[in-house]
Number of protein chains: 2
Amino acid sequence: MDQTSARRIDPNSDAAIAGSVTPFPIEDIAARLGIPANGIFRYGPYKAKLAHDYVRTLEERAPGKLILVTAISPTPAGEGKTTTTIGLGDALARIGKKAAICLREPSLGPVFGAKGGATGGGRAQIVPMQDINLHFTGDLHAISAAHNLLSALIDNHLYWGNALDLDTRRISWRRVVDLNDRALRQVVVGLGGAANGFPREDGFDITVASEVMAIFCLAKNLEEFEARLSRMVIGQTRGKRMVEAGALKGVGAMLALLRDAFQPNLVQTMEHTPAFVHGGPFANIAHGCNSVIATRSALALADYVVTEAGFGADLGAEKFLDIKCRQAGLTPAAAVVVATVRALKMHGGVAVKQLGTPDVAAVRSGVANLARHVENLQKFGLPVVVALNRFLSDTPEEIEGVRDALAPLGVSVHVCSHWAEGGAGAEALAQEVIALADRPSAFHTLYPDALPLREKIETIAREIYRAGEVSFTAAAGARLAEMEAAGFGRLPVCMAKTQYSFSADPALRGAPSGHVLPVREVRLSAGAGFVVALTGDVMTMPGLPSVPAAEGIFVDAAGVIGGLS
Amino acid sequence: MDQTSARRIDPNSDAAIAGSVTPFPIEDIAARLGIPANGIFRYGPYKAKLAHDYVRTLEERAPGKLILVTAISPTPAGEGKTTTTIGLGDALARIGKKAAICLREPSLGPVFGAKGGATGGGRAQIVPMQDINLHFTGDLHAISAAHNLLSALIDNHLYWGNALDLDTRRISWRRVVDLNDRALRQVVVGLGGAANGFPREDGFDITVASEVMAIFCLAKNLEEFEARLSRMVIGQTRGKRMVEAGALKGVGAMLALLRDAFQPNLVQTMEHTPAFVHGGPFANIAHGCNSVIATRSALALADYVVTEAGFGADLGAEKFLDIKCRQAGLTPAAAVVVATVRALKMHGGVAVKQLGTPDVAAVRSGVANLARHVENLQKFGLPVVVALNRFLSDTPEEIEGVRDALAPLGVSVHVCSHWAEGGAGAEALAQEVIALADRPSAFHTLYPDALPLREKIETIAREIYRAGEVSFTAAAGARLAEMEAAGFGRLPVCMAKTQYSFSADPALRGAPSGHVLPVREVRLSAGAGFVVALTGDVMTMPGLPSVPAAEGIFVDAAGVIGGLS
């Protein structure tokens, strides 16, 4: 028996801190942005979706300034990208700006696995954190259902005669579940005899890896959403002709499942700053940013919009700029790179256990990772500022080491304490962000649409990863040529590379250069509108750890959910 | 390409008829029942959940009268059980009673498959029908997630060492998806090498077949919900000891996923009668009724509550009475048996194509099915009335044939036209229902808890199915003995039998008797609190037809969802 109602919520937990603040009614948050009561659908008192009809009225408005929060290459020490996004948004609001933040919505996989939720921490959280980390407004469930409906229609098509002549060995459309479940990575379906269909190899990805999620986050409106869904490639015929999702005749039903979910979600931070939390694609085989429809809505409603991208800047920011901003016609105004002294020490070679010991030399060595990311962002014509997310163990000398290293790049470093203090701990950062963002933009993407796919990959490898060379397997090279021939050459490239290093080797911390970037495979995401280049094993279905976070989650005697982080 | 936005909604469709009425704000519907504004959480303007805290305040109130709508054995001609439930509720409201209805919530499987939605039809619908038929308030997604989290924890447990000594060949806990997807009925998971776990046979059921759904619909409150989840048996050890879900340490997380979903949903009929639509377990391996928490809430708030049960009365009503009412301590006040002249003709041997031709002899023959169900309900001490759901092709002679057959049972027949006319078409039925329900109740279950499991099965077979004999396979007999020995002998029995006949042979229409009921297998649903007796092949994962309903579903240019029925 597992009587969790006897358990109590840890008073120092993120859940308890979030629970110490009473959110404002969501219609009041909407009103701060000038959204009328009939412009939202409420989901309980503290969550809402912006109505499609209202979103359409925003399309012609002049956008506010878009601020990207990105980070150094992640280490087990953590950086605090989401808390910085929230803290900066709160700080902008505190100093009188009409501000909003845009975040990805959490997946249940990490919530029950190892990583936990995605609502920030300490005094820099979005609320209600339990709702957002669990089902929220059901968007991920809608995406799972739409994805799996197409999967069912594919097997049903095979069952009833396979008029499309699909090759069962070449069906690339898998199934999804929004959980970490390694046993589903590779399965055989259709067993048990003729009544159950044709046995074939298949597998499940986590929902955030679905191309439906990527499209959800890139489509500008429902019409374009539908057209993109129809274009998704689900497999090949015996004659190796690509088969699109539209041929299965279920795209209308998929769109019916996705219509409500596609409306941007509105919640608030603990300090009542409006937060749009909508969509959350994987940052490896997809682009790792919240939805375009939420970002554009936020920009129409606020003067400053702070958002984040997945992983470090080499992956997250590059994809944000080269895929999301390119496709959506967004012009970011500034970038914030988040780092911690602890993480920089790890890039300088210090082991996790030693992170508490001051080590200026290691910081000065590890800061090369940060400097490289800053330089890279400057290549996009973006003004950059560094947010150093403060830990009590940081020494003045270590912090000075970071400032020194960034000085040659003309970039200032702001020590932030929003985790402990909320927006008040990020006001100096906010002031500088405003100054930078209000300058005329010199933003440009890294490469033009017209550059051939292979050269796009080589450009990213050279300019961002600082690779000496890109190697393509024969299959990858041939597939790229096929895609060019089929008219997909103008798409941007979505790099699937380890987030732990600029190179393809996760063990290479710091700022390696001259390495070989091996492109092992390329995949077409015709609906999302990018070509994925895979440079290593890419995990599209995580596993659970030996003690999953699920074991610590419970409903207490008062009906409050505890154990989420 | 599948540009559905060019499609238009059929003006004669249920969707168009439902769309012709503007629902009242859901807080107004709640107010009709005396529910205060802070007693509900709104999900958009027309859907709400009753807050757990508010539901708890209802526990001590004296309940209203509970009316069960059930039906003859189903035929392809259809009966209209849901429309009658809605029409009767509307009629009760029209004649000035404080009425509410309780229905099951739809599953996406039939919506995209062959059967369509579950919101009634014509002028007897609950609204907003598109929302209810698609994600509604996310309950089924929550159940799927909770179920599959346990599945993932089981395989994760195997992966990390299998401390519980689970026998991978005897894991009875499968996975679920809320779709019709026959290719998932039987699968092998864990393929692909050591990193993906231990390969084993597995399969997916549709979500409504999950024991979590059955518990959702039988638990009285959150505390009991948790205790029941912990008791579910998920498999056996190598030594054949039963392993309960609680041992996997994930029940707290499951409950966290289910907490909000477990709050009863409130919507309205087209005539603004309050409708509680909550939970929807399968009617074969489970009991096929909406949630106890919704029924009890409705009874606390309304004077007359109309509800329905799955399949014909031999299955649906028997389980409603012997499982739901027994476990929840409910006392039903009356039963309505729905029939159509067309369906009675089919029971009399007429083929679908000939149903338009008047055939009094066939009606008089087929009415035996109806009379048998009426007699059965009387065995529970329930007053019964027959609702004849009218079609234009019905002749007065045919209707008279039905009346004649029922006269010896002391049961009157009301011809109803709620499909075409709404509540006005069921007022005479409503008047009689009130008269019957206001009599003192003589309700009793069919068998006492103390009767041994085998005799419970034999009692149902003899009294309800009119079988001459029950045969048990050796395995079923042995398993029943094991269950008795393990202390489960006091549980009620949940019969899994074809709904098309009183017998186990779906082709035997009318009122067969003296047949042999073969019990092939028995299963323990320790959390739901019943023993399932399977009398034939039970499909827990339906397939899609050659032209699934999904093909006709679309979002029109105005953003309205069409093609749902």
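Below is a table of values for the structure above.
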item: Percent accessible area from carbon and sulfur atoms, the stretch B:453-535, protein chains only, probe 1.4 Å; result: 50
item: Residues listed by number, the stretch B:77-93, amide nitrogen under 11 Å from B:D303 label point at 7 Å toward C-beta; result: B:93
item: Size of the stretch A:139-257 as Cα extents on the principal axes (Å, biggest first); result: 42, 32, 23
item: Quotient of C-alpha Rg and 2.2 N^0.38 Å, computed over the stretch A:185-241; result: 1.50
item: 22 Å Cα-Cα threshold exceeded, pairs from B:K115/B:K497; A:K65/A:K379; A:K47/A:K249; B:K49/B:K249; B:K324/B:K379; B:K220/B:K379; result: A:K47/A:K249; B:K49/B:K249; B:K220/B:K379
item: Contact order normalised by residue count of chain B, Cα under 8 Å, 6+ apart, percent; result: 22
item: Length added when fully stretched, B:A474-B:D505, from 0.36 nm per residue minus Cα-Cα; result: 9.1 nm
item: Cα Rg over Rh - the stretch B:29-157, Kirkwood; result: 1.02
item: Estimated D of chain B in µm² per second, where Rh is the Kirkwood radius over Cα pairs and Stokes-Einstein applies at 10 °C, 1.306 mPa s; result: 66
item: Inverse mean reciprocal Cα-Cα distance (Kirkwood Rh) of the stretch B:230-347, Å; result: 17.1
item: Share of alpha-carbon pairs per 5 Å distance bin for the stretch A:360-408, given as whole %; result: 4, 20, 30, 24, 12, 7, 2
item: Cα centroid of the stretch B:493-565 to Cα centroid of the stretch B:203-272, whole Å; result: 21
item: For A:M242, label point 7 Å along C-beta direction: distances to other copies, nm; result: 5.4
item: Solvent-accessible heavy-atom area per residue, rounded to whole Å², over the stretch B:341-472 at 1.4 Å; result: 41
item: Evaluated over the protein assembly as shown, the Cα radius of gyration and Dmax, each in Å; result: 30.6, 101
item: B:T75 long-range amide H proximity, modeled H, under 5 Å; result: none
item: Residues in the stretch A:104-141 occluded by at least 30 Å² - accessible area, probe radius 1.4 Å, against chain by itself; result: A:F112, A:H135, A:H141
item: Computed lengthening from B:R56 to B:Q354, 0.36 nm per intervening residue step minus Cα-Cα distance; result: 101.9 nm
item: Residue-averaged 222 nm ellipticity for chain A, from DSSP H runs of 4+ at -39500 (n - 2.57), nearest 500; result: -8500 deg cm²/dmol
item: Inter-part distance where the stretch A:322-351 and the stretch B:98-122 are each reduced to a Cα centre, Å; result: 49
item: For the stretch A:490-543, radius of gyration divided by Kirkwood radius, i.e. Rg to Rh on alpha-carbons; result: 1.02
item: Spatially proximal lysines relative to A:K345 (Cα-Cα < 16 Å; intrachain offsets below 8 disregarded); result: A:K353
item: P(r) tail fraction, the stretch A:273-321 - alpha-carbon pairs more than 11 Å apart, %; result: 67
item: Global size of the stretch A:453-535 as Cα Rg and Dmax, reported in angstrom; result: 12.6, 39
item: Longest to shortest principal axis, alpha-carbon extents of the stretch B:1-86, angstrom; result: 53, 37, 24
item: Accessible-area composition of the stretch A:139-257, carbon plus sulfur, in percent [1.4 Å probe]; result: 50
item: Per residue solvent-accessible surface (Å²) - the stretch B:1-61, probe of 1.4 Å; result: 53
item: Interface burial for B against A (accessible surface, 1.4 Å probe, total of both chains, Å², rounded to 100); result: 6300
item: Span-like helix ranges in chain A, DSSP H, alpha carbon extent 24 angstrom or more, Kyte mean at least -1.0; result: A:139-159, A:360-378
item: Residue-by-residue Karplus 3J(HN,Hα) for the stretch B:202-207, coefficients 6.51, -1.76, 1.60, Hz, glycine and proline x; result: 8, x, 10, 9, 6, 3
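The values are calculated or read from the model by the stated rules, or taken from the named source; none is laboratory data. Fair warning: this is a prediction, and the values are worked out from it, not measured in the lab. Cβ: placed from backbone, ideal geometry, glycine included. Neighbour counts: every protein chain shown. Quick note on the areas: whole protein, heavy atoms, side chains included, nothing else; ligands and nucleic acids left out. Shrake-Rupley method; radii C 1.70, N 1.55, O 1.52, S 1.80 Å.
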